[in-house]
Structure formats: structure tokens, C-alpha cells
1. For region 42-66, which residues satisfy the criterion of being surrounded by fewer than 17 Cβ atoms within 10 Å (Cβ to Cβ) and either within 27 Å of TRP110 (Cα to Cα) or without any contact (Cβ under 8 Å) to a residue 12 or more places away in the chain (or both)?
2. Among the residues in region 4-18, are any within 22 Å of ARG146 (Cβ to Cβ) and modelled with pLDDT under 90?
3. Checking the structure you have, find out if any residue of region 172-192 is more than 30 Å from TYR122 (Cα to Cα) and modelled with pLDDT under 70.
4. Just to verify a result, which residue in region 54-73, among those that are in a helix (DSSP H, G or I) and touching a Phe, Trp or Tyr at 6+ places or on another chain (Cβ under 7 Å), is nearest to TYR122 (Cα to Cα)?
5. Please go through region 67-86 and give me each residue that is touching a residue at least 24 places away in the same chain (Cβ under 8 Å), over 27 Å from GLN109 (Cβ atoms) and either surrounded by 15 or more Cβ atoms within 10 Å (Cβ to Cβ) or not basic (Lys, Arg) (or both), ordered by number.
6. Take THR128 and tell me if it is of a type in the set (Ser, Thr, Tyr) and more than 19 Å from the chain's Cα centre (by Cα).
Amino acid sequence: MRITSGVLLLILGEFNAPLWAQGGENNLAANGVSANVEPASTPQGETLSAYDQWADRQDYYPRHMILAMRARLSGAFDLLPPGEATRFRDQFVAKLSILVDPQWQHAEQWLVQTLAVASESYANKIWTMLPDIVVDSPNDIRAKLRNIAIRAMNVQQVRQGFEQTRQTSIQVAREDVQRQTQFNTQLRASMTYSTPNLYSPAAQSRPVPSLRYSDYFNHRYGSPFSYAFGGVWFF
């Protein structure tokens with residue numbers, strides 16, 4: 001089945017008009033691509049315009065990969081046998097339809113969020129996982145997208161497990177603080193009501209316990225150091 005420009009627009013999104021009707025040369029120049037543009041009515045022109053529409057809407061392929069794939073895509077038509085351009089266009093648009101399939105939306109969101117904060121080395125690692133839509137087959141593209149989706153789920157599960165562990169650690173630490181606070185409160189209460197405070201004014205005005213004992217002993221039994229001589233007691 002021949003894929004017309006209207007079908008391309010239904011696949012790639014809701015546009016008022018295709019790119020080849022919106023000044024395609026200016027759009028390509030803005031992306032740093034040579035303005036050597038095929039007419040949009042040709043299979044090559046329709047393919048490149050469909051690619052440009054997709055490239056403008058995606059956020060996870062870096063600029064250098066977008067430009068390199070477009071150059072290879074344009075050059076691929078020069079290597080095709082006569083009469084194969086239309087079939088090649090249809091196959092390429094089928095690949096683009098895989099990339100915009102809603103089932104990969106979660107993987108796409110993960111890619112965008114991850115690349116936004118990734119280091120250069122990790123970003124390069126992620127980019128090597130992306131499909132090469134020029135040379136990869138539809139099955140290869142699906143397989144690579146599936147691997148990315150699995151990686152996204154695994155990373156999310158690890159993050160959730162880490163967050164649960166962190167929350168559990170915080171709760172345990174909070175309970176330890178509460179128990180220690182309760183113990184300290186009980187300890188202070190027992191010291192206040194069970195043990196005399198020797199530094200209070202009331203305790204300071206009382207005689208020393210040893211003096212109280214000596215006074216009692218001397219009053220009842222006499223001083224152990226007293227003696228009598230001639231009927232007179234000496235202390």
C-alpha cells in the first residue's frame with residue numbers, strides 16, 4: 001500500500017500541514033542540514049519530511065545522531081535499485097510508527113528524564129541502546145525499545161526499594177529517639193522524687209548526718225572523750 005502524506009501525518013501527529021508545505025528547506029537549515037532537498041512529492045522527499053516531523057517531536061536522540069541518521073537516510077536512496085524507493089519509504093515510515101507507539105511512552109519518558117541529569121559517559125551509554133532507525137529492522141527496533149523499557153522498570157524498582165529502605169531507617173531512628181527521650185524523662189523523674197537533692201537550700205540548713213549522730217550519742221551516753229576526776233566531769 002502506498003503511504004501518502006496524509007497517512008504520514010496521522011502516524012506522526014496532528015499537524016495542520018506536512019513539513020514540505022511549511023518551508024522544509026528553512027526547517028532543515030535550522031537543524032544544520034544542507035538544504036539540498038528533494039521535492040516532497042518524491043518518495044525520498046516524503047521520507048525525509050516524515051523523518052523531520054518525528055525528529056522535531058522527540059527529545060531523547062541527541063542532535064549529532066539526528067543529523068547523522070538523516071544524512072544516511074538521504075544517501076540510502078542513492079543506493080536503491082530503480083523502483084525500490086517507494087517500498088523503502090513505506091518500510092521507513094513503518095519504523096517511525098513503532099517509535100511513536102503509545103506503548104513505549106513510559107520508556108520514552110524515562111529516557112528524557114534520565115538523560116536530563118545523566119553524566120556524559122552515562123548519556124553515551126544510553127544513546128548506544130537506542131535503535132538506529134535507518135538500518136535496524138522493525139523487529140530490531142521493537143527489541144531495543146523493549147530492552148530500554150525493561151531497564152527503566154528495573155531502575156524504578158531499585159529506586160523504590162532504596163526509598164523504602166530509607167523510610168524504614170528513618171522510622172527506626174525516630175523510634176529510637178523517642179524511646180531514649182522517654183527513658184531520660186523517667187530517669188529524671190526518679191531522681192527528682194526519690195533521691196534528696198543535697199544542693200537544695202533545705203538540705204544545706206540541716207546539720208550534717210554525722211553531727212546529728214554525735215549530738216545524740218553525747219546527749220545520751222556522754223562524750224567518749226569525757227572523764228571524771230574528783231567528782232568533776234571534764235569534756
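1. Filtering region 42-66 down to residues surrounded by fewer than 17 Cβ atoms within 10 Å (Cβ to Cβ) leaves 42, 56-59, 62-65.
ASP56, ARG57, GLN58, ASP59, PRO62, ARG63, HIS64, MET65, listed by residue number.
2. yes
3. Taking region 172-192 and keeping what is more than 30 Å from TYR122 (Cα to Cα), we get 172-192.
When the remaining residues are screened for being modelled with pLDDT under 70, the result is 192.
Yes; the residues of region 172-192 include at least one that is more than 30 Å from TYR122 (Cα to Cα) and modelled with pLDDT under 70.
4. The initial filter retains those residues of region 54-73 that are in a helix (DSSP H, G or I), namely 54-57, 63-73.
Adding the requirement that they be touching a Phe, Trp or Tyr at 6+ places or on another chain (Cβ under 7 Å) leaves 65, 70, 73.
Details: MET65: 16, ARG70: 24, LEU73: 27 Å.
Checking each candidate, the answer is MET65.
5. Filtering region 67-86 down to residues touching a residue at least 24 places away in the same chain (Cβ under 8 Å) leaves 67, 69-74, 76-77, 85-86.
Now narrow it down to the ones that are over 27 Å from GLN109 (Cβ atoms): 71-72, 74, 76-77, 85-86.
ALA71, SER74, ALA76, PHE77, ALA85, THR86, listed by residue number.
6. Numbers: of a type in the set (Ser, Thr, Tyr): yes; more than 19 Å from the chain's Cα centre (by Cα): yes.
Yes, satisfied.
Here's the yes/no breakdown for (1) in contact with a Pro (Cβ under 9 Å, 6 or more places away or on another chain); (2) touching a residue at least 40 places away in the same chain (Cβ under 8 Å); (3) within 29 Å of GLY75 (Cα to Cα); (4) part of a helix (DSSP H, G or I):
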position	(1), (2), (3), (4)
VAL93	no, yes, yes, yes
VAL134	no, yes, yes, no
ALA143	yes, no, yes, yes
THR185	no, no, no, yes
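The values are calculated or read from the model by the stated rules, or taken from the named source; none is laboratory data. This is a predicted model, so every value here is computed, not measured. Cβ: placed from backbone, ideal geometry, glycine included. Neighbour counts: every protein chain shown.
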